[in-house]
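Peer 1: One structure, pasted below without further comment.
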Amino acid sequence: MKSSETMSIGEAAGHFGLATHVLRHWETMGLLSPERSAGGRRRYDRSDLHRVAAILLSREAGLALTDIRDILTTTNFRKRQEITRRHCDELARRIEEMRTALDFLEGGLTCDYDNITECPSYQSLVASRMARASRTSG
C-alpha cells in the first residue's frame with residue numbers, strides 16, 4: 001500500500017482475517033480512529049494497519065483491550081511500564097505453570113512402570129508440588 005492509499009473497513013478487516021465489527025468495536029473503545037471519507041466511510045491508512053497489528057499482538061500476549069488502549073494511548077511512561085510489568089509477571093507465572101505441566105506429562109511418557117505412581121520421576125514431581133503447597137499454605 002502506498003502511503004497515500006487507504007483501505008475500506010472491509011479491506012482492512014480482511015487483511016487481518018477479522019470481522020468488520022471487531023474494528024468497529026475497537027474504534028468505540030478508543031483503540032482505533034481511522035479517517036473518514038467525504039461520505040463518512042472509514043478509511044484505514046498504513047498507520048491504522050500498524051495499530052491493528054499491534055492490537056493483535058497485544059491480544060495474543062493476553063492483554064485485555066482496556067490495557068491495550070492504555071498502553072497505546074498513554075504518554076505516561078510509568079503508567080505504561082506498570083501495565084506492561086503486570087502482564088510480564090503474569091505471563092512468567094503462566095509459563096512456569098506450563099513448564100511444570102509439560103515436565104509432568106513428559107515424565108509420564110518415560111515411566112515404564114505398570115503403576116505410574118511407583119515411577120521415581122512421577123514421585124519426584126508430586127513431592128515437589130506437595131512441598132510448594134506447604135510453603136504457600138504455611
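Readers should treat all values here as calculations from the given coordinates under stated rules, not as data from a laboratory. This one's a predicted model, so the numbers in the text were calculated from it and none came from an experiment. All Cβ positions, even for glycine, are placed from backbone atoms using ideal geometry, and neighbour counts span all protein chains on display.
Peer 1: Bin by bin, in steps of 5 Å, what percent of the Cα pairs in the chain do you find, going until the bin that has the longest distance?
Peer 2: Result returned by the calculation: 2, 8, 13, 13, 11, 9, 9, 7, 7, 7, 6, 4, 2, 1, 0.
Peer 1: Under the 0.36 nm per residue contour assumption, what length would be gained going from the current alpha-carbon distance of S124 and R59 to full extension?
Peer 2: On the way: separation 65, 0.36 × 65 = 23.40 nm, distance 3.62 nm.
Here the answer is 19.8 nm.
Peer 1: What is the distance in Å between the Cα centroid of segment 72-89 and that of segment 91-138?
Peer 2: Segment 72-89 and segment 91-138 have Cα centres spaced 34 Å from each other.
Peer 1: In nanometres, what is the gap between the two model label sites at E90 and N76, each 7 Å from Cα along Cα-to-Cβ?
Peer 2: 1.9 nm
Peer 1: Using the Cα centre of segment 77-137 as the reference point, and only Cβ charges (+1 on K/R, -1 on D/E), how large is the resulting charge dipole? Debye, rounded to the nearest 20.
Peer 2: On the way: 11 positive and 10 negative charges, 172 e Å.
Approximately 820 debye in magnitude.
Peer 1: Also: When the Karplus curve 6.51 cos²θ - 1.76 cosθ + 1.60 is applied with θ = phi - 60°, which whole-Hz ³J(HN,Hα) does each residue of segment 75-92 get, with x for Gly and Pro?
Peer 2: 9, 8, 4, 5, 5, 4, 5, 4, 4, 5, 4, 4, 6, 4, 4, 5, 5, 4
Peer 1: Using only alpha carbon pairs under 8 Å that are at least six residues apart, calculate the relative contact order of segment 45-138 and give it in whole percent. List each step's numbers first, then the result.
Peer 2: On the way: 27 pairs, mean separation 11.8, N = 94.
Taking the mean separation of contacting Cα pairs over the length of segment 45-138, I get 13 percent.
Peer 1: When the helix-only estimate is applied to the chain (DSSP H runs of n ≥ 4, each -39,500 (n - 2.57), divided by the residue count), what is the mean residue ellipticity at 222 nm, nearest 500 deg cm²/dmol?
Peer 2: On the way: 6 runs with 93 residues, N = 138.
Taking each H run of at least 4 residues, the total per residue is -22000 deg cm²/dmol.
Peer 1: Over 17 Å, how big is the tail of the calculated P(r) for segment 9-73, in percent of all Cα pairs?
Peer 2: On the way: 731 of 2080 pairs.
Counting every Cα pair in segment 9-73, those more than 17 Å apart make up 35 percent.
Peer 1: Return the equivalent ellipsoid semi-axes of segment 77-137 as a descending list in whole Å, where each equals the square root of 5 times an eigenvalue of the C-alpha gyration tensor. Let's see the in-between values first.
Peer 2: Working: eigenvalues 240, 39, 5 Å².
After scaling each eigenvalue by five and taking roots: 35, 14, 5 Å.
Peer 1: Still on this structure: Relative to the present Cα-Cα distance, how much length would full extension add between F16 and S47 at 0.36 nm per residue of separation? Write out the running numbers ahead of the final one.
Peer 2: Details: separation 31, 0.36 × 31 = 11.16 nm, distance 1.43 nm.
Taking 0.36 nm per residue and subtracting the Cα distance, the gain is 9.7 nm.
Peer 1: To continue, here is another question. Using 0.36 nm per residue, how much length does the chain from A133 to I116 gain when fully extended, once their Cα-Cα distance is taken away?
Peer 2: Numbers: separation 17, 0.36 × 17 = 6.12 nm, distance 2.15 nm.
Between A133 and I116, full extension yields an extra 4.0 nm.
Peer 1: Which net charge results when you count Lys and Arg as +1 and Asp and Glu as -1 among the other residues whose beta-carbon is under 14 Å from that of H21?
Peer 2: Working: positive: R24, R42; negative: E27.
That sum, taken over residues with Cβ under 14 Å, equals +1.
Peer 1: Could you give the angle, 0 to 90 degrees to the nearest 10, between helix 46-60's Cα long axis and the longest principal axis of the Cα atoms of the chain?
Peer 2: Once rounded, one gets 20 degrees.
Peer 1: Separate question: Out of residues 5 or more away from M7 or on other chains, whose amide H comes under 5 Å of its own, with H placed 1.01 Å from N in the peptide plane?
Peer 2: Y44, D45
Peer 1: Once phi is turned into θ = phi - 60°, what whole-Hz ³J(HN,Hα) does the Karplus curve with 6.51, -1.76 and 1.60 give for every residue of segment 107-117, x standing for Gly and Pro?
Peer 2: x, x, 5, 8, 7, 9, 7, 4, 10, 4, 5
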